[in-house]
1. Would you check which residues across the range 296-320 are of a type outside the set (A, V, I, L, M, F, W, C) and under 20 Å from residue 386 (Cβ atoms) and list them?
2. Six or more apart or on different chains, Cβ under 8 Å: which pairs go from a residue in the range 63-90 that's surrounded by fewer than 17 Cβ atoms within 10 Å (Cβ to Cβ) to one that's small (Gly, Ala, Ser) and in a helix (DSSP H, G or I)? Could you list them?
3. Any residue at all in the range 263-272 that's open to solvent by less than 20 Å² (accessible area, probe 1.4 Å), of a type in the set (D, E, K, R) and at pLDDT 90 or above?
4. Restricting the search to the range 11-47, which residues are farther than 16 Å from residue 85 by Cα, of a type outside the set (A, V, I, L, M) and modelled with pLDDT of 85 or more?
5. State all residues of the range 273-316 that are closer than 16 Å to residue 168 by Cβ, open to solvent by less than 10 Å² (accessible area, probe 1.4 Å) and of a type in the set (S, T, N, Q); if no residue qualifies, say none.
6. Output the residues belonging to the range 181-213 that are open to solvent by 10 Å² or more (accessible area, probe 1.4 Å), touching an Asp or Glu at 6+ places or on another chain (Cβ under 9 Å) and closer than 18 Å to residue 360 by Cβ.
7. In the range 278-291, is there at least one residue being modelled with pLDDT under 90 and touching a Lys or Arg at 6+ places or on another chain (Cβ under 9 Å)?
8. Any residue in the range 241-260 that is within 17 Å of residue 206 (Cβ to Cβ) sitting within a Cβ distance under 6 Å of a residue that is open to solvent by 30 Å² or more (accessible area, probe 1.4 Å) and of a type outside the set (D, E, K, R)? List the pairs, counting only those 6 or more apart or interchain.
Amino acid sequence: MSGVEWLACADPEAVADVALAASSLGAGNKLEFVHDVEELRRRASDRPGAVWALVGSRSGGISDINAAAAIAADGYARSVSIVRRDASGSLRSRAARAGIDLVIDPSELGLASAPKVMDAEPPEVAVLSERLPRTPSTVGHVIPAPPPVKGRAPVIVFCSGRGGVGKTALAAAACVAAASWGMRVCALDLDLSCGNLYSCFGVPGAFDLARLCEGEGVARPEAIGVAACERVRVAGPCERPELADIVMPRTSEIIASCASAFDLVAVDTSTTFTEASAQAAQLADRLLIVSGPGQGATASLARASGLAVRLGVARTRIARLENFADPRGRGASRLACAEVGLEAARQFSVVDGGEEVRELLCAGQAAQLLELGVPFAESAATMLAQVLAELGQLPECEAARRALDAGGAHKRSFFGRKREARSA
């Protein structure tokens, strides 16, 4: 994070809240408060891509959301966040539409009250004190991490609130599809203790992520992973499960390193939200919450989506993905009741692959999924093409365009279009 400036603007009574939010993001003692929004915008324009901007509550003049929206629209800040207690869903939705990366509610950061900032100086120019407490790095107190950085490979994260929903199969299929479009793909397995994504590609052993955490920094990007198939490298989990605790705190660094070396990072996660899963969710360009059929599907989706929102993941980065869908039915509609504040979330479905897909993956032949024309793989490719198109990252090739066009067969109702318009 060397060379990054953390700049903030807020009313005096909101300074402590902003300082707490910055501390939770890892600012250390680097946070500086400026006198007004215009100064913050000027400082950001002087160092494009190097400023993390935080805007706290403001009682006079331009509001916090309008100030943050202006900074985001300038395009110079590396990240823009609003810090406000009791932030409403409406505020978060407006912020997402304005291009604001995070809305941070200090009351959700695991501390009952915000710490005091240096009393000796006016709050407008105070520097964040080293005395600010650190929130424990446990899942119960996970804090929003610095948001995704523009200009690097997209990070697609598969997660769920239960096991057996097919996250690993979907991640493997997505990697194969992207590679067939000419993308260099990193398949990252963050089920650090028990992951088996590598086995879907016939790789004899895992690439030990603990190897990346030796010394001061993460290993060179070109050293990440082992060749799984053409243009796909798979990394993770830990060769020895007991080393997972060493890797978890470095997850953000690992993801950033992968994103700098590949064209796409597809992340498989564990059944439960570990610290590694939480960091991946926070850095995801799209967090795909996977749900399968059967009793408890909607409840698990609700739990996972609720946790993602509490982790600070913008609702516009979350999508719902129904696996094992019936291609002749409308099974995905049953998930509507589990939106839980995700009014703008996209919904995708992938058809049930059946025994054929399970046999191919167990045999380590994920690379054959598309070649054999398996419907599961084709619908997974369509889902990925839609996600990449939304991110502006769809490769310029005929196969990718065909996969995207295949999704056009699923027509939306008039009311569905109206809802999309309202959330745009």
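1. Within the range 296-320, 305, 315, 316, 317, 320 qualify.
2. Close Cβ pairs satisfying both conditions: 74/44; 74/45; 85/107; 86/107.
3. Yes; the residues of the range 263-272 include at least one that is open to solvent by less than 20 Å² (accessible area, probe 1.4 Å), of a type in the set (D, E, K, R) and at pLDDT 90 or above.
4. 32, 33, 35, 36, 38, 39, 41, 42, 43, 45, 46, 47
5. Within the range 273-316, 277, 291 meet the criteria.
6. 196, 198
7. Among the residues of the range 278-291, at least one is modelled with pLDDT under 90 and touching a Lys or Arg at 6+ places or on another chain (Cβ under 9 Å), which makes the answer yes.
8. As it stands, the answer is 241/193; 244/193; 254/218, since those pairs meet every condition given.
The values are calculated or read from the model by the stated rules, or taken from the named source; none is laboratory data. These figures come from a predicted structure and were not determined experimentally. Note that each Cβ is placed from the backbone with ideal geometry, even for glycine, and that neighbours are counted across all protein chains shown. These accessible areas exclude ligands, DNA and RNA; they are computed on the full protein's heavy atoms, side chains included. Shrake-Rupley method; radii C 1.70, N 1.55, O 1.52, S 1.80 Å.
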